Amino acid sequence: MKSRKLLLLAFLCSLFIGLRTFYYVNQINKAPETITNQHLKLQTDSIKVDGNLLKLIGKINGKKYLVYYSLKSPEEKELWGGEKPPNSAVVSGETEEFDPARNLNGFDAKKYYQSLGISRSLQVKSFKLLRRSRFGLSDLRQRLIRTIDQHYSKRLASYIKALMIGYKDAEFAEYSEAYKTTGLLHLFTLSGLHIQFYLGGIHLLLKRAGLTREVRLGLLSLIGLLLICLTGGGFSTIRAVLSFLIAFACLTFEVLLSKLDQWSLMLFLLVLGFPLVLWSVGAQLSLYFALMLVYLNDLRLKAWQQTLLFSLLSLPVLIFSFSEWTIIGGLFTLLLFPLFEWLILPGCLILFFGCFLPLPQLIDSLMEQLFLLLEKLLAFAAIPNLITGRPAFLIFLLLILFVLLIIDRLKYQRTFYLLLGAVCLLVASIAFSANGMVAFVDVGQGDSIFIKLPFMQETFLIDTGGRLNFKQKTWQARQPKQLSDYNLIPFLKSLGCRKIDHLLVTHNDADHMGELNNVMSEVKVSNLYLADGSQMELKKLLMGAKGTKIHLVKQGDTIGKHLKVQILSPEKSEGENDDSLVTYFQINQQRFLLTGDLETTGEEKLLNNYPQLKTDFLKVGHHGSNTSTDEEFLKKIKPKYGIISVGKKNRYGHPTAETLEKLNKYQVKVFRTDQQGMVYCQWSALTKRGKIKVLIDFIE
């Protein structure tokens, strides 16, 4: 009878959540494509000004948008970056759907923003500012951010904002690099630890004031709601507040609910409020960690054992989300947690109140020196993360199952060494997949081709992508970002690629080799190949290539041990487009010709040198520009497929209509990274069957 009631309850809850999710998704997808003279209510705490780019979150007719606007003058920039930015405007512009993942295992912007309830992005063409509307919680948070910035140095302000109001500015990414590599970044993300500290401290004060439990619960609920709003409403904060209030409500009304039932109730309420919450990686991690703590608290373990075991049990979800694991994260958490709990968190709280009350300047100095010392010590002690690759979903489920079995065996004080060995074998197998791949990575307006043989026998990377820089006024310049941190490097890590055997640079344009240094700093490169003659221009860049052998190659050379990559051109290079390294190889009975930015004169020379040249796959030259891909060239080499690596809505108009017409004339099936994301040819070493795949199903 009891089990029937539970099944009925589970069915009703699932039905209710299903209907709620259907309505929620339907509302998000109903956003218009064009906005004309509509009232926009701005979240002022979301305003970010980077050079001449303004980015914020706002609401139009109850729907949330991620808003972009190109600032027109330094005065306009100063207005938006000022102490009292506008919070209301009439806008016109075009909306656009967010992209799904553009590279294999990459960041899915569509799922992420929809999990936050944001319908679309809005590119504003005209802003008509209105008189500031009434002061709201978003304005209060923005005012707190400004107040902290005015009272403390950049470093100290970054830490206080992160720990007190959950706001991480651009500088925080730089200061927190040491915490990231040592697995301590979670201490600076508002979650259960911080909420327990804040609400637990307030509860203690309310209890000392002699208030009844019912009154305390009511006040804590209001304070918890205020805390969620003032800390930016992150899912980890909402989860932590809900968990605290559910546990206290059970205590207040003497309801006997197990910790697992409390976690389940919290999950139900969270999904009810945010139906797509499980699309957020941050929410997934927060919920998984909370569930692991529920199970670990039932085990009779000492605090240090629990911390180290928690680090191990977090492995499946961490490698599924980030493709790497911080080996020493558990140890550092164990060593530094007391410092964080008893000094850093209370110290930042005191400094936060110091924005409104007089405090001795000595406290500021001591806290800043503490953070500086901590950053240096952690940077010195850090060791590289273990790149595992992203497990297939089935392997991920098996890892979760083994984690639960390990907890079960610990509960009954049984050994779990065999299970631990099975986990290690599964993790080790991820990188040594039987699949081979030739991938045309979507790096925007640039080139990057990755080749992986089955079982990671050998790896090749041809070009790294990069950004072409244009002259701008000082006020328009944006903060420099390494593009490969968002496209190429996560993709390589997701395959478990710890080392690139052969890295080839076709020529010296920034959109082909601009990310070379960053890639070499993140992934070990055994051999670097440059066209003979192009190296002089890259002399300064190559000084940082420690531990990498540099080879100068020319027409007639061959690269590779298991896969033979032939260099067809040039004989001598000056690093220009028409001097691009042209490579040719055969793999799984398919022929590939990669031409870099080779132009029509270079194509003509290539045909003169190799009159019998034929290919199945052609990497179309110069991103589909009309300076490449001559008709005679296509007629002779007879490609079946043409891959155009090009940026979405690029300023050059690539690929040109003329090039597309020529490819169509010779019946070449075209794949474009701007429309379809990453294009890759994958095959199995076991079946030898291959298939061309794309990340986005583009509909004309």
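The values are calculated or read from the model by the stated rules, or taken from the named source; none is laboratory data. The model shown is predicted, which means the values in this text are computed figures rather than measured ones. FYI the Cβ positions are ideal-geometry reconstructions off the backbone, even for glycines, and counts take in every protein chain you see.
Please state which of the following conditions K376 fails to meet, knowing it meets all the rest: (1) under 30 Å from P454 (Cα atoms); (2) basic (K, R); (3) in a helix (DSSP H, G or I).
(1)
Please find, within the stretch 12-71, the residue that is nearest to R134 (Cα to Cα) out of those that are of a type in the set (D, E) and part of a strand (DSSP E or B).
Here is the first cut: in the stretch 12-71, the residues of a type in the set (D, E) are 33, 45, 50.
Those left that are additionally part of a strand (DSSP E or B): 45, 50.
On the way: D45: 15, D50: 27 Å.
Of everything passing the filter in the stretch 12-71, D45 is nearest to R134 (Cα to Cα).
When you check L299 against the structure, is it modelled with pLDDT under 95, in a helix (DSSP H, G or I) and either touching a helix residue (DSSP H, G or I) at 6+ places or on another chain (Cβ under 8 Å) or at negative phi (or both), yes or no? Working first, answer last.
Numbers: modelled with pLDDT under 95: yes; in a helix (DSSP H, G or I): no; either touching a helix residue (DSSP H, G or I) at 6+ places or on another chain (Cβ under 8 Å) or at negative phi (or both): yes.
It is false that L299 is modelled with pLDDT under 95, in a helix (DSSP H, G or I) and either touching a helix residue (DSSP H, G or I) at 6+ places or on another chain (Cβ under 8 Å) or at negative phi (or both).
Whether any residue in the stretch 19-28 is polar (S, T, N, Q) and loosely packed, with under 11 Cβ neighbours inside 10 Å is what I want to check.
Among the residues of the stretch 19-28, at least one is polar (S, T, N, Q) and loosely packed, with under 11 Cβ neighbours inside 10 Å, which makes the answer yes.
Out of L568, L613, L607, L618, which single residue is surrounded by 14 or more Cβ atoms within 10 Å (Cβ to Cβ) and either under 33 Å from the mean Cα position of the chain (by Cα) or among the acidic types (D, E) (or both)? Break it down stepwise before answering.
Numbers: L568 fails: either under 33 Å from the mean Cα position of the chain (by Cα) or among the acidic types (D, E) (or both); L613 fails: either under 33 Å from the mean Cα position of the chain (by Cα) or among the acidic types (D, E) (or both); L607 fails: either under 33 Å from the mean Cα position of the chain (by Cα) or among the acidic types (D, E) (or both).
Going through L568, L613, L607, L618 in turn, just one is surrounded by 14 or more Cβ atoms within 10 Å (Cβ to Cβ) and either under 33 Å from the mean Cα position of the chain (by Cα) or among the acidic types (D, E) (or both): L618.
Which of the residues belonging to the stretch 422-446 are over 15 Å from Y486 (Cα atoms) and assigned to a loop (DSSP other than H, G, I, E, B)? Even if it seems obvious, please write down each step before you answer.
Going residue by residue through the stretch 422-446, those that are over 15 Å from Y486 (Cα atoms) are 422-440.
Across the stretch 422-446, the qualifying residues are I430, A431, F432, S433, A434.
Right, P100: outside any strand (DSSP E or B), closer than 25 Å to Q472 by Cβ and not basic (K, R) or not?
Values: outside any strand (DSSP E or B): yes; closer than 25 Å to Q472 by Cβ: no; not basic (K, R): yes.
No.
Checking L272 against (1) at pLDDT 90 or above; (2) over 27 Å from T388 (Cβ atoms); (3) out of contact with any Phe, Trp or Tyr (no Cβ under 9 Å at 6 or more places or on another chain): exactly one of these is not met. Which one?
Answer for L272: the failing condition is (3).
Restricting to the stretch 122-147, what's the tally of residues that are buried (at least 19 other Cβ atoms within 10 Å of the Cβ) and either in a strand (DSSP E or B) or more than 33 Å from the chain's Cα centre (by Cα) (or both)?
3
Within the stretch 342-355, track down each residue that is β-branched (V, I, T) and either crowded, with 18+ Cβ neighbours inside 10 Å or in a loop (DSSP other than H, G, I, E, B) (or both). Outline the logic, then answer.
Restricting attention to the stretch 342-355, the residues satisfying the condition of being β-branched (V, I, T) are 344, 350.
Answer for the stretch 342-355, where residues must be β-branched (V, I, T) and either crowded, with 18+ Cβ neighbours inside 10 Å or in a loop (DSSP other than H, G, I, E, B) (or both): just I344.
Quick one: which of Q306, Q284 is touching a helix residue (DSSP H, G or I) at 6+ places or on another chain (Cβ under 6 Å), of a type in the set (S, T, N, Q) and either not in a loop (DSSP other than H, G, I, E, B) or not assigned by TED's automatic domain parsing to the domain that holds S14 (or both)? Even if it seems obvious, please write down each step before you answer.
Working: Q284 fails: touching a helix residue (DSSP H, G or I) at 6+ places or on another chain (Cβ under 6 Å).
Exactly one residue qualifies, and that residue is Q306.
So which residues in the stretch 563-577 are over 21 Å from K638 (Cα atoms) and either modelled with pLDDT under 95 or polar (S, T, N, Q) (or both)? Walk me through it before giving the result.
Kept after step one, since they are over 21 Å from K638 (Cα atoms), are these residues of the stretch 563-577: 563-564, 570-577.
Residues satisfying the conditions are P570, E571, K572, S573, E574, G575, E576, N577.
Given the structure, is L257 touching a Cys at 6+ places or on another chain (Cβ under 6 Å) and either of a type in the set (V, I, T) or surrounded by fewer than 20 Cβ atoms within 10 Å (Cβ to Cβ) (or both)? Full working, then the answer.
On the way: touching a Cys at 6+ places or on another chain (Cβ under 6 Å): yes; either of a type in the set (V, I, T) or surrounded by fewer than 20 Cβ atoms within 10 Å (Cβ to Cβ) (or both): yes.
Yes; evaluated as a whole, the condition is true for this residue.
Taking P358, is it without any contact (Cβ under 8 Å) to a residue 12 or more places away in the chain and assigned to a helix (DSSP H, G or I)? Reasoning before the result, please.
Details: without any contact (Cβ under 8 Å) to a residue 12 or more places away in the chain: yes; assigned to a helix (DSSP H, G or I): no.
Answer is no for this residue.
Is it true that some residue in the stretch 198-220 is within 20 Å of L163 (Cβ to Cβ), touching a residue at least 12 places away in the same chain (Cβ under 8 Å) and of a type in the set (A, V, I, L, M)?
Scanning the stretch 198-220 turns up at least one residue that is within 20 Å of L163 (Cβ to Cβ), touching a residue at least 12 places away in the same chain (Cβ under 8 Å) and of a type in the set (A, V, I, L, M).
Yes or no: T583 more than 19 Å from C681 (Cβ to Cβ) and β-branched (V, I, T)? Break it down into steps so the answer makes sense when it comes.
Details: more than 19 Å from C681 (Cβ to Cβ): no; β-branched (V, I, T): yes.
Against the criterion (more than 19 Å from C681 (Cβ to Cβ) and β-branched (V, I, T)), T583 does not qualify.
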